[in-house]
Number of protein chains: 2
Amino acid sequence: MTEHRGFILWFTGMSGAGKSTLASALEDEFKRKGYRVELLDGDEVRTHLSKGLSFSKEDRDTNVRRIGWVARTLAKHGVIAISAAISPYREVRDEIRALTEKEGSAAFVEVYAEAPIEALVARDVKGLYKKALAGEIAHFTGVSDPYEPPLHPDVVAHTSTESVETSVKRILHYLIEKRLITE
Amino acid sequence: MTEHRGFILWFTGMSGAGKSTLASALEDEFKRKGYRVELLDGDEVRTHLSKGLSFSKEDRDTNVRRIGWVARTLAKHGVIAISAAISPYREVRDEIRALTEKEGSAAFVEVYAEAPIEALVARDVKGLYKKALAGEIAHFTGVSDPYEPPLHPDVVAHTSTESVETSVKRILHYLIEKRLITE
């Protein structure tokens, strides 16, 4: 294994904004470099850690806090932990950043996968926005449930106007600049 | 960090049988050797991953499966993951062993902290057995809830008749023999 520091690469953004696509592309890139990396996908984590939780604010917060705990535990041991869950509430994301920095064992890098709701509705890869706008999905982030964008994200990926490659390059550049990975 | 393989060191045994004591002693020993180690304590995991779960069989199984998932994720990345939860049901422990071995990324070592119930009741460090025998604690393992000892544990620690040092030595000897750690 090549040497690198453990850190948390935390994606946030609405459904369909490209979090998983970016997270997977970075996971591949890190693996290519021989880094230890774990992608904590929102759906996978729900299955293993949060079965039974609803999409109410309280349960979403609990789910996101659990991802945060697992990510911190991995990063502490030198693993790059990537989270790709929606994580709609600012306060909980900031809480996880604060806990990570307080423990002092890893960096927390927040990446905002940004796309205007119009673009997401127009693309609607999984057909979820259509259903949500028709009132068929309760607690759908950005439609029937709030999404609070980060006020000071470390990196912004404008996923409706730039290519995956461009976003990935910007994220890698940031990580190199912060000396979390080598070129 | 010294090189070692990632593996799961899974303690099982009744309340007061010495799981946490042995787990802590081994954690210290691994840290002294410069190994990456994470102790997943039953109570800590309940706080972070399983708040709200009861002590019914179903909820206990869910809690233990979550510890198993976190332990596998850590061990996959070369960390020694130690679990010190009671984990009373054989089927779930065997399921975690099977999943670990199927994934092929880490070894699963089951240590049975064995002590006769009479010895645990006589010692009763936390006064829990007294309460449980008085019927004041529902679902108390070994009294009002079952404990299923492992049929083929990798190591047995006879904690009522041997010293912590003796048990720790036996566990270390097993790990060296299996080439999971170096002498």
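Read-outs throughout are calculated quantities, based only on the coordinates presented, and are distinct from any laboratory measurement. None of these values were measured; they are calculated from a predicted model. We place every Cβ from the backbone using ideal geometry, glycine too, and count neighbours over all the protein chains shown.
One residue alone among A:Ala75, A:Ala17, A:Ala25 is more than 13 Å from chain B (Cβ to nearest Cβ) and buried (at least 20 other Cβ atoms within 10 Å of the Cβ), and that residue is A:Ala17. Scanning segment B:80-87 turns up at least one residue that is over 20 Å from B:Glu148 (Cβ atoms), within 12 Å of another protein chain (Cβ to nearest Cβ) and outside any helix (DSSP H, G or I).
The residues of segment A:129-183 that are closer than 23 Å to A:Ile80 by Cα, in a helix (DSSP H, G or I) and of a type in the set (A, V, I, L, M), listed by number, are A:Val164, A:Val168, A:Ile171, A:Leu172, A:Leu175, A:Ile176. Can you tell me which residue among B:Gly142, B:Gly135 is more than 19 Å from B:Arg65 (Cα to Cα), of a type outside the set (A, V, I, L, M) and free of Cβ contacts under 8 Å to residues at least 60 places away in the same chain? On inspection, the qualifying residue turns out to be B:Gly135. When the residues of segment A:111-128 are filtered to those that are among the β-branched types (Val, Ile, Thr) and not in a loop (DSSP other than H, G, I, E, B), the one that is farthest from A:Ile96 (Cα to Cα) is A:Val121.
Restricting attention to segment A:35-54, which residues are surrounded by fewer than 18 Cβ atoms within 10 Å (Cβ to Cβ) and in contact (Cβ under 8 Å) with a residue 60 or more places away in the chain? Result: A:Ser54, single match.
Residue-wise test of (1) closer than 15 Å to B:Leu9 by Cα; (2) of a type in the set (Ser, Thr, Tyr); (3) over 18 Å from the mean Cα position of the chain (by Cα).
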site	(1), (2), (3)
B:Lys126	no, no, yes
B:Pro153	yes, no, no
B:Ser167	yes, yes, no
B:Leu180	yes, no, no
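Can you confirm whether segment B:91-101 contains a residue that is surrounded by fewer than 18 Cβ atoms within 10 Å (Cβ to Cβ) and in contact with a Lys or Arg (Cβ under 7 Å, 6 or more places away or on another chain)? Walk me through how you get there before you give the answer.
Going residue by residue through segment B:91-101, those that are surrounded by fewer than 18 Cβ atoms within 10 Å (Cβ to Cβ) are B:91, B:94-95, B:98-99, B:101.
After this cut, where a residue has to be in contact with a Lys or Arg (Cβ under 7 Å, 6 or more places away or on another chain) as well, the list is B:99.
Yes, because at least one residue in segment B:91-101 is surrounded by fewer than 18 Cβ atoms within 10 Å (Cβ to Cβ) and in contact with a Lys or Arg (Cβ under 7 Å, 6 or more places away or on another chain).
Looking across segment B:91-110, just one residue is of a type in the set (A, V, I, L, M, F, W, C) and assigned to a loop (DSSP other than H, G, I, E, B), and that is B:Ala106.
Of all the residues that make up segment A:34-45, how many are more than 14 Å from the chain's Cα centre (by Cα) and either away from chain B (no Cβ under 12 Å) or in a helix (DSSP H, G or I) (or both)? Final tally of qualifying residues: 1. Please verify whether A:Leu151 is surrounded by fewer than 16 Cβ atoms within 10 Å (Cβ to Cβ) and in contact (Cβ under 8 Å) with a residue 12 or more places away in the chain, treating the condition exactly as stated. So A:Leu151 fits the description; yes. Check whether at least one residue in segment A:98-109 is hydroxyl-bearing (Ser, Thr, Tyr) and more than 13 Å from every other protein chain (Cβ to nearest Cβ), and report yes or no. Yes, segment A:98-109 contains at least one residue that is hydroxyl-bearing (Ser, Thr, Tyr) and more than 13 Å from every other protein chain (Cβ to nearest Cβ). All told, A:Thr62 meets the bar of being more than 18 Å from A:Val111 (Cα to Cα) and of a type in the set (S, T, N, Q).
Please determine whether any residue of segment B:134-145 is of a type in the set (Val, Ile, Thr) and under 16 Å from the mean Cα position of the chain (by Cα). Step through it out loud before you land on a result.
At the first step, the residues of segment B:134-145 found to be of a type in the set (Val, Ile, Thr) are B:137, B:141, B:143.
Next, from what is left, pick out any that are under 16 Å from the mean Cα position of the chain (by Cα): B:141.
Yes, that holds for at least one residue.
When A:Asp61 is tested against the conditions (1) surrounded by fewer than 17 Cβ atoms within 10 Å (Cβ to Cβ); (2) part of a helix (DSSP H, G or I); (3) more than 10 Å from chain B (Cβ to nearest Cβ), the lone failure is (1).
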